[in-house]
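Trainee: Dumping the structure here so I can ask a few things about it.
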Amino acid sequence: LATDVLPYIGALETFAAGLFQMCAPGALVGFSTETQPDQWMDGEPWKVGPHHRYAHMQEYVRKSLSDAGFNIMDISSVTVRLEEGEPVPGQMFLAAKPQD
């Protein structure tokens, strides 16, 4: 479980592949990401935000996890933190490594 960690990682493919390798069959993983409105992302899968943290598009995170071999269990909208008193939108992902 990791919250407020992925905003410090841009591309997620290597992260997702490494996480999959390190997890035992049947393991659950959960983490949060920072999001921004799609129009702000300009079609980019990840981008540095106004507070110097990475934001990721939901579909990009979903694809990175799926391509690594994880099954997506749940995606929920959350507030990841307050920045200068304002809520920062994000998502909480829950995924599972299939049993052998």
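The values are calculated or read from the model by the stated rules, or taken from the named source; none is laboratory data. Predicted, not measured: the structure shown is a model, and the values here were computed from it. Here the Cβ positions follow ideal geometry from the backbone for every residue, glycine too, while neighbour counts run over all protein chains shown. Only protein heavy atoms, including side chains, enter the accessible area calculation; ligands, DNA and RNA are left aside. Shrake-Rupley method; radii C 1.70, N 1.55, O 1.52, S 1.80 Å.
Trainee: With everything on Cα atoms, drop me the angle between helix 58-68 and the longest principal axis of the chain, reported from 0 to 90° to the nearest 10.
Mentor: Once rounded, one gets 20 degrees.
Trainee: Relative to the Cα centre, what is the charge dipole magnitude of the chain, using +1 at the beta carbon of each Lys and Arg, -1 at the beta carbon of each Asp and Glu, and rounding to the nearest 20 debye?
Mentor: In debye, rounded to 20, the chain gives about 260.
Trainee: Considering the zone a paramagnetic label at Met92 would reach in this model (a point 7 Å from Cα along the Cα-to-Cβ line), which residues of the range 1-43 have amide N under 12 Å from it?
Mentor: 2-4, 30-33
Trainee: Place +1 on the Cβ of every Lys and Arg and -1 on the Cβ of every Asp and Glu in the range 1-92, take the dipole about the Cα centre, and give the residue among Leu65, Cys23, Ser76 whose Cα lies farthest towards its positive end.
Mentor: Going by the charge dipole, the pick is Cys23.
Trainee: Helix-only estimate, please: 222 nm mean residue ellipticity of the chain, summing -39500 (n - 2.57) across DSSP H runs of length 4 or more and dividing by its residues, to the nearest 500.
Mentor: Taking each H run of at least 4 residues, the total per residue is -7000 deg cm²/dmol.
Trainee: Between helix 13-22 and the chain, what is the angle of the helix's C-alpha long axis to the longest principal axis, kept within 0 to 90° and rounded to the nearest 10?
Mentor: So the helix axis and the longest Cα principal axis differ by about 40 degrees.
Trainee: What accessible area per residue comes out for the chain, rounded to a whole number of Å², with a 1.4 Å probe?
Mentor: 58 Å²
Trainee: Taking the chain as a Gaussian network, where each spring joins two C-alpha atoms under 10 Å apart, which residue of Gly85, Gly30, Gly18 fluctuates the most?
Mentor: The residue that fluctuates most here is Gly85.
Trainee: What does a probe at Ala17 reach in the range 55-91, counting residues whose amide N is under 13 Å from the point 7 Å along Cα→Cβ?
Mentor: 64-65, 67-69
Trainee: Calculate one ³J(HN,Hα) per residue across the range 39-51 by plugging θ = phi - 60° into the Karplus curve 6.51 cos²θ - 1.76 cosθ + 1.60, and present them in order as whole Hz with x for glycine and proline.
Mentor: Running phi through 6.51 cos²θ - 1.76 cosθ + 1.60 with θ = phi - 60° gives 5, 5, 6, 6, x, 7, x, 8, 7, 6, x, x, 10 Hz.
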